[in-house]
Each structure stands twice: as C-alpha cells, then as structure tokens.
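Chemist: Please see the structure below; I have some questions.
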Amino acid sequence: MQSFSSSGLDRRPRLLVVELWGLGDVALAVPFLQLAARHARVTLVAKPHAEPLVRRFCPGVELLPFTAPWTAFRGKYRLHRWPWLGLAGLVAGLRHRRFAAAVSARPDPRDHVLLAAAAAGLRAGFPRAGSAPLLNLGLPRPDSPHRFAHWQALATALGWTLPAPAAGPRVGRHVVIHTGAAQPTRQWPADRFEEIAGRLRQAGWQVTVLDGQSGGLDDLLDVLATADRFIGNDSGPGHLAALSGVPTFTIIGSHPPGSFHPIHPHAAWIEGDPCPFKPCKDRCRFAEPHCIRSISVDQAWKQLAPWLAAPAGVRGAQEHPPRS
C-alpha cells in the first residue's frame, strides 16, 4: 500500500480531497487535512463556505470552491440547470494538477466519478452502488459508522495515523448557544433554547445566544473561540465548536448520533423519540419533526446539568425521552 510520507518540500506528492457537503462535514475533515498537509500538497474541493475553516485551521491547503449541483436539497437532478461549464472547468483544473492520489470519505458514487475524472494515480474511497470500478483502492467500511472513522481509515490507507482530536480543559463559565440548523428536522424550538439560557444564567453562567442570522462564519468562529461550553442542534456550528476545542452538547432528532456527533472528548447529546423512518435524510413525513420536538426542556436540562458540572466525566451522555 502506497505511503505518502516524503522528505523534501518540493517533492511532496499532490493529494486531492473531496468534501462537497455541509460545514459540519468539512469540520470533520479538518484533522485529516491538517495531517495530510504535513505529507502532501493538498487540494480540497468543497463549497465556498469552507474558506474560513481552511484559512484558520489548515492554511497550507489549497481550496477549490465548487458547489456541486447534486448537493442541493431539492431539484438536484434537474440536469439542464447544472453548471456544466463550471464542472468542466473544475475537472480540467484537477487534471492539470496531476494528483498522485485522490480521496473521499463519503460512500458516494458521485464523489467517485469526480475522483476518476481527475485522473489521479490512486483513487481511494468507500465503494457503493457499483462505484468500485471508479476506485483503484476500495476500502471496507469502518466498524464505526461515524464520518471521522472514515477519515481515519483513509489516513491509514495512505500510511498515516489519524488520532481522535484532543482538547485542553475549559475552566471558564461562558456558554454559547446556537439555535440554528439548515433543516427543520434538526431544529429544536428556539423558545426552549431561551429557557435553557435562562436557567444557565440563574446558575451563574455567562450565556451568548446566536442564530443563523448572527453574522458570518468568521464572526461565529470568533465567538466560539471565547466559549467554554457549546449547546446547539445537530448542525454545523456544533462541529465548529468541537473543532475549536469547545465541549459540545447537541440536541439530536432525525439522525443517529453515532454517525455524526461532534468529535470532542467531552461531547454529549440527547436524542429524541424513536421513529420508524430514522434516519430520514431531513425529509420528515409528518407535519412537524416529532423526534426532536419530543425533547422537553426538563429532559434536556436533566442531561445538561451533570455535563456542565463535570464535563470531563461525561462522554456521549444520551437519553431517549419517553414518547408523548
């Protein structure tokens, strides 16, 4: 199996990394990008929103911003609306770079088509739905379903070791609460977050409440850098908090936490009611997402209180509230 360890800066091989989805996905890729940049000249293809993360956390990585049409929530296969010229230009630019290897941690045949189109010498990923011929290094799925485990498996395939991120202690009393999420299935009601904020203030915590309208991504990262705890939905800001070294508490509804919780030694979460359609890929079959809205303030506080008091002793605390 090829190793990408190399001495001599100018002789480092070129590595293409593809992560075309949300901010949380890019945040989970950052530890791999940081490691890869020590061994290779790394190019990341990602949505434009990845720019502040790359600039702050892995400045040695080249970003090629591209919004893949198949990542749209609706109408993704209206082919006549696809940016074909932009896609052709992206492929031409990738081929021009002559990558020694290209990787994707997502078991997605569309990613694998892009890896093959880039004509990289080594194309590593997790085949699905007949995409194995597009890869010349198809990897078995890790035992853990979490996306970070897939990045770890890719690192191993390239001859590296990617440990889980470590984090130093946070001893202050500043809690950042973020009430936003891109899809309704991931949104716990804002008034419940406000009630949590009130209880925190009564307990002597300084609380900052943000939502999706609270400035840009750089502003959010600046605020997270001052936080000692983070509370929010199953969404990008929680992953950014963990990436910033902040312990996270996540309100989870439609997605299994074992696949996508923030990677932090003191991450904790509470999960809503079971549903026969989980995971629903954010397309709820009901008038409202009962799974996340089943979580009451009291149920969340029951999990939050011990996590706040002794976060080092709580790893992945969970609760399945009774059905209403």
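Read-outs: derived from the displayed coordinates by stated rules, not from any lab. Predicted model, so just to flag it, every value in this text is computed and none were measured. Here the Cβ is made from the backbone with ideal geometry for all residues, glycine too, and neighbour counts use every protein chain on show.
Chemist: In whole percent, what relative contact order does segment 174-313 give with Cα contacts below 8 Å and a gap of six or more residues?
Modeler: Details: 248 pairs, mean separation 34.8, N = 140.
Relative contact order for segment 174-313 comes out at 25 percent.
Chemist: Computed over the Cα atoms, what is the radius of gyration of segment 9-157 divided by 2.2 N^0.38 Å, N being its residue count? Numbers along the way, then the final one.
Modeler: Values: Rg = 14.5 Å, N = 149, 2.2 N^0.38 = 14.7 Å.
For segment 9-157, the normalised Cα radius of gyration comes out at 0.98.
Chemist: Now for a different question. Which net charge results for the neighbourhood of GLY89, defined as the other residues with beta-carbon distances under 14 angstrom from its beta-carbon, given Lys and Arg at +1 and Asp and Glu at -1? Don't skip to the answer; put the middle values down first.
Modeler: Details: positive: ARG95, ARG97; negative: none.
Computed value for this residue: +2.
Chemist: Quick one: 3J(HN,Hα) in Hz for segment 176-186, Karplus 6.51/-1.76/1.60 with θ = phi - 60°, rounded, Gly and Pro as x.
Modeler: Values per residue, Gly and Pro as x: 9, 10, 10, 8, x, 6, 5, 10, x, 5, 10 Hz.
Chemist: Can you give the translational diffusion coefficient of segment 104-204 in µm²/s, computed by Stokes-Einstein from the Kirkwood radius over Cα pairs at 25 °C and 0.890 mPa s? It would help to have the intermediate numbers written out before the result.
Modeler: Details: Rh = 17.3 Å.
Answer from the Stokes-Einstein relation: 142 µm²/s.
Chemist: Right, here's the next one. How do the peptides 299-310, 163-174 rank, highest first, by the average count of neighbouring beta carbon atoms within 10 Å per residue?
Modeler: Details: 299-310: 16.6, 163-174: 12.2.
Sorting 299-310, 163-174 by mean packing, highest first, produces 299-310, 163-174.
Chemist: Arrange GLU19, GLU288 by Cβ neighbour counts within 10 Å, fewest through most, would you? Could you put the intermediate results ahead of the total?
Modeler: Details: GLU19 25, GLU288 11.
Placing the least packed residue first, the sequence is GLU288, GLU19.
Chemist: Can you compute the radius of gyration and Dmax for segment 196-300, using only the Cα atoms, both in Å?
Modeler: 14.5, 41
Chemist: Oh, and also: Search the structure for amide H atoms under 5 Å from the amide H of LEU139, placed 1.01 Å from N in the peptide plane, and list their residues when 5 or more places away or on another chain.
Modeler: Under 5 Å from the amide H of LEU139 lie the amide H atoms of GLY125, PHE126, each far enough along the sequence or on another chain.
Chemist: Sequence-distant or interchain residues sharing an amide H contact under 5 Å with ALA267, placed H: which?
Modeler: Answer set, sorted by chain and number: THR248, GLY316.
Chemist: Could you give the DSSP H helices of the chain that reach 15 angstrom or more along their long axis (alpha carbon positions) and whose average Kyte-Doolittle hydropathy is no lower than 0.5?
Modeler: Details: long enough: 23-36 (19 Å, 1.63); 84-97 (20 Å, 0.62); 147-157 (16 Å, 0.09); 190-202 (18 Å, -1.02); 297-309 (17 Å, -0.05).
What comes out of the filter, once short or polar helices are dropped, is 23-36, 84-97.
Chemist: Treat the chain as a sphere of radius equal to its Kirkwood radius over Cα pairs and apply Stokes-Einstein at 10 °C in a medium of 1.306 mPa s; give the translational diffusion coefficient in µm²/s, rounded to a whole number. Show your work: numbers first, answer last.
Modeler: Details: Rh = 20.7 Å.
For the chosen part, D equals 77 µm²/s.
Chemist: Right, something else. For the peptides 33-45, 116-128, what is the packing order when you average, over each peptide's residues, the other Cβ atoms within 10 Å and list the highest mean first?
Modeler: Most protected by this proxy first, the peptides run 33-45, 116-128.
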